[in-house]
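Since the structure comes first, as structure tokens, the remarks are kept for the end.
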Amino acid sequence: MIHLTNITKQHGDRILFKNASLQIQAGSRTGLVGPNGAGKTTLFRLITGTEAADSGDISCRKKINVGYFSQDVGDMSGRSALEEVMSESGDVVRLGHEIREMEIAMATPMSDDDMAALLERYGNAVEEFEHQGGYDLESRAQAVLTGLGIGPDDYNHPVESFSGGWKMRIALAKILTLNPEVLLLDEPTNHLDVESIVWLEEWLAGEFKGALLMTCHDHDFMNRIVHRIIEVANKTITTYSGNYDFYLREREIRREQLQASFRRQQEMLAKEEDFINRFAARVSHAAQVQSRIKKLEKIERIELPPEQKIIRFEFADPPRTGDDVVRIKNLGKTWPLPDGGTKSVFGGISGVISRQEKIAVVGVNGAGKSTFLKVLAEQTEATTGTTRIGANVAPGYFSQHAMDILDPQKTVFETVADTIPEAGIGVVRNLCAAFLFQGDDVDKRISILSGGEKSRIVLATLLARPLNFLILDEPTNHLDIQSREILLAALQKFTGTVVLVSHDRYFLRSLVGRVFEIDHGEMIIYEGNYEYYLSKTSKDRRIQ
């Protein structure tokens, strides 16, 4: 369907691709991976035609319908949520209007030739309208919106009344409703809760019949959806025939094979160069020396790709707490409403969080998970009940809101240094480097950082302090899969206590040993890991 052949693309003095090739076949399901800045987004733009290659050929079938979801949703205003979703299918809507106009025209007298021409145009239009799913466009848009968590009560709300995260869902719904032949998705699970991720997973696996190319930081989602991985790295594109787990294993095998070939070639080159150096001055060996020089000139040298930069950190052993980290009794929270009333988030919650436990807080979107964490972190007061913090407990709180309150005028170095004012410059720089801020990067202002960079800064400030109770609200948002794996490993070894909210099922499955579910304002405690929770709930077959 789409072929990129011997593509070369350069941004400034940085070469992204050099003679790279890629094919997207009908019905293929492909994951796109690679380090930040390697060229994944550029590849999407080459396919959609918003950027041109410096050299090489890009070809695709005529009249192919390509849908592209990116993190840049653009401006949304002047429509309801449902109208905004249907607007992406504007050609279909216009075709529907033309069909109705032709049906009206058929009722007026005209010559046989004009009627025959009108019927031919009408037949072609109806065929195209049906091919593009025009007859069920509205019902399809409603189903997609509902699946992504925007129900019938919100269909007609002005799109500008939605927050940024919900606008991302509307933008995703626009592309899915289009149901294109080729679907390009750039981080589709960002801003989705577990229920919406599961719905999207099922939609892609069942409803969608076209070709898919996507980037995604959700380990489970990638494994369940894709059957092929394309890695963008080191100025080239490499294809792996399998899911994400297969890619990780196969990439390691290929890396070891390349390193072995590199070592063998280096040994051979050293021997040849030693021979040339020893006998270069001897007339009797002149022919052999020249022969070996020519041989070396023709050899294609094996190059080892540079090691990808990764976050490197471990939590220091925190001070020991008492056995009871938090005791919760009849906890309740309500929020005031504009009309003077109140909305109950949860109530009557009781329980104990014990030392070294790792607990997931789960529930549908809007159930009150983040509010519960804010109460634990003393970021908001409970309306009723109490939370009694245990002896020697030092809590640390991570949330997307914490990213928002970073001082935009401060630099990376200043932000980290403020957290550990007694530390020397070397300690601060080492901590910054552990989170991939090296050299001049430490002088970047917070205002110009990406979401992922801000997330790393907040994690760095948590690491800097001797905390023994981590309260984490979506800590993996904006982190790539490799960074998520490193954070997961650090939390697994962390000897303090962790309570977290996350939509990353792989992360939860690999970390937590206890689950608190907030359901219709009440808390149900599951004395087992995430798999145990799934097995005990009606969601187990859908979510796991």
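The values are calculated or read from the model by the stated rules, or taken from the named source; none is laboratory data. The structure presented is a predicted model; accordingly, all values stated were derived computationally and were not measured. With ideal geometry, Cβ positions are generated from the backbone for all residues, glycine too; neighbour counts draw on all protein chains shown.
Only one residue in Leu145, Leu192, Leu183 is at pLDDT below 90 and buried (at least 20 other Cβ atoms within 10 Å of the Cβ). Which one?
Leu192
Out of the residues in region 52-72 meeting the condition of being over 20 Å from Ala26 (Cβ atoms) and without any contact (Cβ under 8 Å) to a residue 24 or more places away in the chain, tell me which one is surrounded by the most Cβ atoms within 10 Å (Cβ to Cβ).
Here the answer is Ala52.
Given the conditions (1) closer than 30 Å to Asp480 by Cα; (2) in contact with a helix residue (DSSP H, G or I) (Cβ under 6 Å, 6 or more places away or on another chain); (3) not basic (Lys, Arg), which single one is not true for Gln25?
(2)
Looking only at region 163-213, filter to residues that are part of a helix (DSSP H, G or I) and of a type in the set (Lys, Arg); which one of those is nearest to Pro35 (Cα to Cα)?
That would be Arg169.
Which residues, counting only those in region 321-350, are surrounded by 13 or more Cβ atoms within 10 Å (Cβ to Cβ) and in a loop (DSSP other than H, G, I, E, B)?
If the condition is that a residue be surrounded by 13 or more Cβ atoms within 10 Å (Cβ to Cβ) and in a loop (DSSP other than H, G, I, E, B), then Thr321 is the only one that fits.
Residues in region 452-459: is at least one under 20 Å from Ser483 (Cα atoms), surrounded by fewer than 16 Cβ atoms within 10 Å (Cβ to Cβ) and among the polar types (S, T, N, Q)?
No, because not a single residue in region 452-459 is under 20 Å from Ser483 (Cα atoms), surrounded by fewer than 16 Cβ atoms within 10 Å (Cβ to Cβ) and among the polar types (S, T, N, Q).
Working only within region 407-453, note down all residues that are out of contact with any His (no Cβ under 8 Å at 6 or more places or on another chain) and of a type in the set (Ser, Thr, Tyr).
Thr411, Thr415, Thr419, Ser447
Within region 56-71, is even one residue touching a Gly at 6+ places or on another chain (Cβ under 7 Å) and at positive phi?
no
I'd like to check something: does region 503-512 contain any residue that is farther than 21 Å from Asp245 by Cα and either modelled with pLDDT of 90 or more or crowded, with 21+ Cβ neighbours inside 10 Å (or both)?
Looking through region 503-512, at least one residue is farther than 21 Å from Asp245 by Cα and either modelled with pLDDT of 90 or more or crowded, with 21+ Cβ neighbours inside 10 Å (or both).
Hey, does region 132-155 have a residue that's over 27 Å from Lys209 (Cβ atoms) and in a helix (DSSP H, G or I)?
Scanning region 132-155, I find at least one residue that is over 27 Å from Lys209 (Cβ atoms) and in a helix (DSSP H, G or I), so the answer is yes.
Pick from region 16-50 the residues that are among the β-branched types (Val, Ile, Thr) and over 26 Å from Pro306 (Cα atoms): which of them is surrounded by the fewest Cβ atoms within 10 Å (Cβ to Cβ)?
Per the criteria, the residue is Thr50.
Does any residue of region 492-511 turn out to be aromatic (Phe, Trp, Tyr), in a strand (DSSP E or B) and not assigned by TED's automatic domain parsing to the domain that holds Trp199?
Within region 492-511, not a single residue is aromatic (Phe, Trp, Tyr), in a strand (DSSP E or B) and not assigned by TED's automatic domain parsing to the domain that holds Trp199.
I'm checking my understanding of the structure. Among residues of region 402-446 that are under 27 Å from His191 (Cβ atoms) and free of Cβ contacts under 8 Å to residues at least 12 places away in the same chain, which one is farthest from the chain's Cα centre (by Cα)?
Here the residue is Ile405.
Looking at (1) at pLDDT below 90; (2) within 23 Å of Thr461 (Cβ to Cβ), which is the one condition that is false for Arg320?
Of (1) at pLDDT below 90; (2) within 23 Å of Thr461 (Cβ to Cβ), only one is false for Arg320: (1).
Any residue in region 347-360 that is among the aliphatic types (A, V, I, L, M), outside the structural domain of Leu534 (by TED's automatic domain parsing) and without any contact (Cβ under 8 Å) to a residue 40 or more places away in the chain?
no
Looking only at region 351-401, which residues are part of a strand (DSSP E or B), of a type outside the set (Val, Ile, Thr) and under 29 Å from the mean Cα position of the chain (by Cα)?
If the condition is that a residue be part of a strand (DSSP E or B), of a type outside the set (Val, Ile, Thr) and under 29 Å from the mean Cα position of the chain (by Cα), then Lys358, Ala360, Pro395, Gly396, Tyr397, Phe398 are the ones that fit.
Which number in (1) farther than 30 Å from Leu479 by Cβ; (2) β-branched (Val, Ile, Thr); (3) in the same structural domain as Leu22 (by TED's automatic domain parsing) marks the one condition that Ile276 misses?
Going through (1) farther than 30 Å from Leu479 by Cβ; (2) β-branched (Val, Ile, Thr); (3) in the same structural domain as Leu22 (by TED's automatic domain parsing) one by one, Ile276 breaks only (3).
Could you list, in sequence order, the residues of region 494-525 that are more than 25 Å from Pro318 (Cβ to Cβ) and either of a type in the set (A, V, I, L, M, F, W, C) or in contact with a Lys or Arg (Cβ under 6 Å, 6 or more places away or on another chain) (or both)?
The answer is Ile518, Met523, Ile524.
Just checking: which of the strands (runs of 3 or more DSSP E) contained wholly in region 1-59 hold 3 or more residues that are polar (S, T, N, Q)?
Strands (runs of 3 or more DSSP E) meeting the threshold: 2-11, 14-24.
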